[in-house]
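Following: one structure in structure tokens, then a few remarks.
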Amino acid sequence: MQYVLVVTVGPVQGFIAAARRSRDLWYGSNLLSELAKAAALSLYNADAKLIFPAPEQPSDLNPDTALQAANRIVAIIEGDVRTIAEQAQAQVQQRMQELWSAAQKNLHGPIDQEVADQQIRDLPEVTWVATPLNGTYAQARQRVEHLMAARKATIAFVPVPWSANGQTKSSLDGQREAVIPENQYPKRTASTDQKAQTLYNKYGAGPGERLSGVDLLKRLGSKGHHVPSTSHMAALPLVARIAQGDIGRATEAWNMYLELVKRCGGELETYPKQADDRPYDRQVVGPYAGLLFAERLSDYLDPVPAQIQHCLSSFLALYAGKQQPLPYYAMLHADGDRMGETISQLAKAGANQHRELSRALATFATNAQTIIERDHQGVLIYAGGDDVLALLPLHTALKCTQQLADKFKTHMQAFGSTAVPAPTLSAGLAIVHHVEPLSDALDLARAAEKRAKKVPGKNALAITLSKRSGSDRTISGTWGEIDQRMKTFIRMHRNDDLPDGAAYQLQELAQMLPLPDDGMDRSLIEAARQAEALRLLKRKRARRGTEDLDQEVRTELEGYLKSMRLGDLVDELIVARMFASAEDLALMEVQP
């Protein structure tokens, strides 16, 4: 008898979010993909007909391949369901142990091995359900989805399989016990530089980090794989500016700066040479762009010698036009719209349609990596199916996100119908300071993506600007509208067609004339706000107060005032200023 089998591998959201470094974030996502591939390969070897994922070649499911598998596997199987599913579960554990063994090769200090091993064994959460393939595939799929929902709602509460013994908790997830002995950490009264570096060399940990076995797996399993830091991402607009000058002399000066850091005792990690699709490793500063931030030097030296600070200042003066790096980057989280409806609709045509959708999603994921890393200097954290997570520099973030949405739409066109339109991609961008915790940035990106999902009809973009001072601002709208307005506002800012203070004066106006509560007559207040806003704009002068506002610019702004809420216009103008600053820093050509 044939069965439809669904296997899920976790944990997902909380596990991935427990990250202090971009490498932790990347490895957590990659780990789940590796475990999912292990389960899928086990099913394939048991003669299952894989539906999600549906690789072109079975070898794509091998360890460490480029394929990134989602944590949900769907297959049609024949035979002893329990045995086949439990074999897949065992393969997940085996792959987990392989990854832990590989990570421990980078471990050079003592740990509580028993607790760490138990934490690793306890990590994978594999859940499976199956139902006979009676009737149609669509009917069987509906039954198996109901079974999975019921299984997920059934929580097995079991005791922690290790003794806590009052141990310190992990500083990453706050749940598991730390396994690095306290005597390995530098004492406050001691000279900490050398001990802190020794701690990093042994465990990949900082003096303030208490790591569990799972944390060590993330930290040591990713060692040697260069995942650019958030500081690196924030510095890339300035790197683009430097790369447009005398690259040879700038590279020579930068290498002298790095050598000075090393001579003063700073230990810089050596990274392997990356493939050609990772251009940020080939631009003047290589993988050390974060060192363009003077405040990052304290991560390597304490105190920072004055000669190093002077060397950095001289480098920026000579090769960056005395510009400082912009301290913000973007985190992208994107997800397909109407995927559940599309999958349900395609199920009526049989499993083959699901396989075709699965392959189209895999192709999009491959394209996403190229778009993000090769074309826009970002770093892909995860692209599995319709789900994308990435870090991006500000000067390319908007264009990159738009290209991803366009590419997804192209790949999904064949799967639309009169009943359910083809899936589209909604995306959330969080603009975050480079030293803010990664978990906070991830929360903001996910919240922005959810905001985009609330736009009527979806196919939307939401952007949250989270500056270190002031409250967060979020804007949202459909593709083809919000992105076009942003391009217009970015152009206005870069051409100095609109003074920076205009947006904040409009904000003050909105605060002085707040709209009344629902149910009251709002038309008079709205008319007064619009009239006063137009009066303010007419008084504004462009190009640092030397010229009147161009009539075309004024007409465009008046049109937006009549079609948008004043508060939304203010937020879009302020968010656009951030992108404009990054593009100016990168010396990008102004788009018409």
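Bear in mind these aren't lab numbers, they're just calculated from the coordinates by the rules spelled out. Model, not experiment: these values are computed from the prediction. Note: ideal-geometry Cβ built from the backbone for every residue, glycine included; neighbour counts use all protein chains shown.
For this structure, a couple of remarks:
- In terms of packing, defined here as the mean over residues of other Cβ atoms within 10 angstrom, the peptides 261-269, 361-369, 30-38, 502-510 line up highest first as 30-38, 361-369, 502-510, 261-269.
- Likely footprinting exposure, Ile475, Ile574, fewest C-beta neighbours within 10 Å first: Ile574, Ile475
- Along the axis of the charge dipole computed for the chain (Cβ charges of +1 for Lys and Arg, -1 for Asp and Glu, origin at the Cα centre), the listed residues Gln119, Gln57, Leu461 are led at the positive end by Leu461.
- Of the GluC sites (Glu not before Pro) in the stretch 37-118, those whose Cβ has at most 12 other Cβ within 10 Å and which sit in DSSP loop: Glu56
- Separation of alpha-carbon centers, the stretch 117-146 and the stretch 31-98, rounded to whole Å: 13 Å
- Ascending count of other beta-carbon atoms within 10 Å, so fewest first, for Leu425, Leu346: Leu346, Leu425
- Charge-dipole axis of the chain as Lys and Arg at +1 and Asp and Glu at -1 on Cβ define it, positive-most pick from Pro437, Val7, Ser101: Pro437
- With the charge dipole of the chain set up from +1 on Lys and Arg Cβ and -1 on Asp and Glu Cβ about the Cα centre, the Cα lying farthest toward the positive end among the listed residues Ser170, Thr474, Val160 is that of Thr474.
- In this label model, Arg151 and Ser344 are separated by 2.1 nm, measuring between points 7 Å along each Cα→Cβ vector.
- Fewest-first ranking of Ile371, Ile343, using other Cβ atoms within 10 Å as the exposure measure: Ile343, Ile371
- Rounded, prolate or oblate (a/c below 1.5 giving rounded, otherwise prolate when a/b exceeds b/c) for the chain by Cα gyration tensor: oblate
- With a Förster radius of 41 Å applied to the C-beta separation of Asn352 and Gln93, the computed FRET efficiency comes to 0.80.
- Here the dipole of the chain is about 220 debye; that uses its Cα centre as origin and unit charges on the Cβ of Lys and Arg (positive) and Asp and Glu (negative).
- When you filter the trypsin sites (Lys or Arg not before Pro) in the stretch 51-159 for DSSP loop state and at most 16 other Cβ atoms inside 10 Å of their Cβ, you are left with Lys105.
- For the pair the stretch 324-352 / the stretch 419-470, the C-alpha centres are spaced 12 Å from each other.
- Computed [θ] at 222 nm, deg cm²/dmol, the chain (DSSP H ≥ 4; -39,500 (n - 2.57); rounded to nearest 500): -15500 deg cm²/dmol
- Full-extension gain in nm, Lys187 to Ala66, via 0.36 nm per residue minus C-alpha separation: 39.2 nm
- Here Lys562 and Asp443 are evaluated by their C-beta separation; at R0 = 30 Å the FRET efficiency comes out at 0.25.
- Exceedance of the 19 Å cut-off in Cα-Cα distance is limited, within the set Lys49/Lys152; Lys187/Lys218; Lys37/Lys169; Lys399/Lys487; Lys487/Lys540; Lys105/Lys223, to Lys49/Lys152; Lys187/Lys218; Lys37/Lys169; Lys487/Lys540.
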